[in-house]
Amino acid sequence: MLYGKHILVIISGGVAAYKAIELIRLIQKAGGTVQAILTKSATEFVSPLTISTLCGRPALTALFDLTRETEIGHIELSRSADLIVIAPGTANILAKLANGIADDLATTCLLATDTPIMAAPAMNVRMWEAASTRRNLALLANDGVQFVGPDEGEMACGEFGPGRLAEPPVILEAIVAHFERANRPKPLAGKHAIVTSGPTREPIDPVRFLSNASSGKQGVAIAEALAALGARVSFVTGPAQYRQPRGCAVIDVETAIEMDRAVEAALPADIAVFCAAVSDWRVETPADDKIKKDADETAPTLTLVANPDILRRVSSLAGGNRPRLVVGFAAETSNLLENAKAKLKRKGCDWLLANDVSPASGTFGGANNTVTLLAGEAVEAWEPMDKQAVAQKLATRIAESFQRDRRI
Ligand SMILES: Cc1cc2nc3c(=O)[nH]c(=O)nc-3n(C[C@H](O)[C@H](O)[C@H](O)COP(=O)(O)O)c2cc1C
């Protein structure tokens, strides 16, 4: 499974450091070789001698080790691996990696590398939920760091919640899956895709807004599926629950006007998938101050104006500015096919994925989606499947259309 693969395992200073021993064993059993680095704190939890004996080569701990530096420098060390795995990853090492701090051998190697990085975080639940950790994880996900875990459960400190190191066999599975993904053909290499996702938020006043229940799950899955096929993906997202696809450049926006501008700035592109549930209207003049309840309790009247129609605008761009393939989504609650056919014509996009978002369908926020693909006169009903599967099917279809050099 991992024959010929060399993994740099970075062990940082958490109680779960002893589990790195099992992980190293599993990687070796799967055919891989391991070089280990321990942070200074990690040496308080596991002995470098144990790890060295296990790996069959010295476990490294110090940046300023002159003998080591002349034999194999820290730059070479970080690049000679096929994958770097941080297990366990403390809140501290993840914070340093997110912020480009390189003050020991482990973090210097992490900063100096162009090798893919996978992190298995492990920490107390309060550390995991701390606002700074959330921010650091978002930065790392955006930088393309892959995560495995953490699990939820009882911790060494007696507390309960997310923060436990993923079990070593699960980390091994993620490592194997990484190499399987990396070895897959990349038919969309060299292509740029824009994916919009999530809801938009249109202000009524400084504390209220118009929005919808789009979770961003389908958009994230599509962005990741296109990236997995080699596309460079610009992911423009409203304030959604899911908005961090791995390996994509994320552009956060709030309103439809901001989304329109962000899409414009991301062009030119070969592929555009407009998956966002953009609000059709916005309040013409949002109030500067919070609207107060009148003494007589009269409700305010909101005057709405139409938002920019991003799908139609991009579909009608002239010549080289138009992405070669423009895909829209039609979220409908009734007369799905009829409405979707009319929308395809009206918008001028190449493909339209129509889905039922009526409350009974459970599509918004749910795991599954039932989609019908419309392309020109062709109508193709896909069987119900989870959003990952919809994304993979769509990405595969997009790649095929580029290979055939045809839109449909
Ligand atoms: C007994 C003990 C257990 C610890 N366990 C963890 C842990 O599981 N996760 C974590 O992020 N920090 C943990 N810490 C805190 C880290 O060791 C500390 O933040 C340290 O600076 C991490 O250094 P490193 O990231 O360079 O390894 C623990 C500290 C002690 C004393």
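Is it the case that residue 268 is touching a residue at least 60 places away in the same chain (Cβ under 8 Å) and either surrounded by fewer than 18 Cβ atoms within 10 Å (Cβ to Cβ) or not assigned by TED's automatic domain parsing to the domain that holds residue 329 (or both)? Full working, then the answer.
Values: touching a residue at least 60 places away in the same chain (Cβ under 8 Å): yes; either surrounded by fewer than 18 Cβ atoms within 10 Å (Cβ to Cβ) or not assigned by TED's automatic domain parsing to the domain that holds residue 329 (or both): yes.
Yes: the conditions hold for residue 268.
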- Task: Might you check whether a residue that is under 19 Å from the mean Cα position of the chain (by Cα) and either part of a helix (DSSP H, G or I) or farther than 30 Å from residue 270 by Cα (or both) occurs anywhere in the range 192-200?
- Result: no
- Message: Which pairs turn up if I take residues in the range 119-145 that are on the phi > 0 side of the Ramachandran plot and look for partners that are more than 11 Å from the ligand (Cβ to nearest atom) and not hydrophobic (A, V, I, L, M, F, W, C) with beta carbon separation below 8 Å, at least 6 apart in sequence or on another chain?
- Response: 144/116; 144/246; 144/247
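For residue 101, state whether it is of a type in the set (Val, Ile, Thr) and more than 28 Å from residue 28 (Cα to Cα). Working first, answer last.
Details: of a type in the set (Val, Ile, Thr): yes; more than 28 Å from residue 28 (Cα to Cα): yes.
In short, yes.
Looking at 17, 62 in this structure, which one is under 24 Å from residue 97 (Cα atoms), of a type in the set (A, V, I, L, M, F, W, C) and in a loop (DSSP other than H, G, I, E, B)? I'd like the intermediate steps shown before the answer.
Details: 17 fails: in a loop (DSSP other than H, G, I, E, B).
Criteria check complete, one pass: 62.
Return the only residue of 46, 85 being modelled with pLDDT of 95 or more, over 17 Å from residue 148 (Cα atoms), assigned by TED's automatic domain parsing to the domain that holds residue 156 and open to solvent by less than 40 Å² (accessible area, probe 1.4 Å). Explain how you work it out, then say what you get.
Numbers: 85 fails: over 17 Å from residue 148 (Cα atoms).
None of the others qualify; the one that does is 46.
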- Task: Return the total of residues in the range 11-56 being away from the ligand (no atom under 16 Å from the Cβ) and within 15 Å of residue 105 (Cβ to Cβ).
- Result: 2
- Note on the structure: Of (1) within 16 Å of the ligand (Cβ to nearest atom); (2) in a helix (DSSP H, G or I); (3) not aromatic (Phe, Trp, Tyr), residue 220 satisfies every one except (1)
- Out of the range 1-29, which residues are open to solvent by less than 10 Å² (accessible area, probe 1.4 Å), within 25 Å of residue 182 (Cβ to Cβ), modelled with pLDDT of 95 or more and hydrophobic (A, V, I, L, M, F, W, C)? 7, 8, 9, 10, 11, 20, 23, 24, 27
- Query: Taking the stated definitions as given, is residue 60 at pLDDT below 95 and open to solvent by less than 30 Å² (accessible area, probe 1.4 Å)?
  - Reply: yes
- Task: Pick out the one residue from 127, 123 that is open to solvent by less than 50 Å² (accessible area, probe 1.4 Å), more than 18 Å from residue 182 (Cβ to Cβ) and touching a Ser or Thr at 6+ places or on another chain (Cβ under 8 Å).
- Result: 123
- Filter the range 342-355 for residues that are surrounded by fewer than 18 Cβ atoms within 10 Å (Cβ to Cβ) and over 14 Å from residue 310 (Cα atoms) and give the result. 342, 345
- Message: Anything in the range 174-197 that is in contact (Cβ under 8 Å) with a residue 24 or more places away in the chain and either among the small types (Gly, Ala, Ser) or within 16 Å of the ligand (Cβ to nearest atom) (or both)? List them, or say none.
- Response: 174, 182, 189, 190, 193, 197
- Query: Among the listed residues 123, 155, 118, 127, which satisfies the condition of being outside the structural domain of residue 274 (by TED's automatic domain parsing) and touching a His at 6+ places or on another chain (Cβ under 7 Å)?
  - Reply: 118
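Would you point out the residue of the range 284-303, among those that are touching a residue at least 40 places away in the same chain (Cβ under 8 Å) and surrounded by 10 or more Cβ atoms within 10 Å (Cβ to Cβ), that is nearest to the chain's Cα centre (by Cα)?
First pass over the range 284-303, keeping only residues touching a residue at least 40 places away in the same chain (Cβ under 8 Å): 286-291, 302.
With surrounded by 10 or more Cβ atoms within 10 Å (Cβ to Cβ) added as a condition, the list becomes 286-287, 290-291, 302.
Details: 286: 32, 287: 35, 290: 35, 291: 37, 302: 36 Å.
My answer is 286.
The values are calculated or read from the model by the stated rules, or taken from the named source; none is laboratory data. Bear in mind the structure is a predicted one, so any value in this text is a computation, not a measurement. Note: ideal-geometry Cβ built from the backbone for every residue, glycine included; neighbour counts use all protein chains shown. Ligands, DNA and RNA are excluded from the accessible area calculation, which covers all protein heavy atoms including side chains. Shrake-Rupley method; radii C 1.70, N 1.55, O 1.52, S 1.80 Å.
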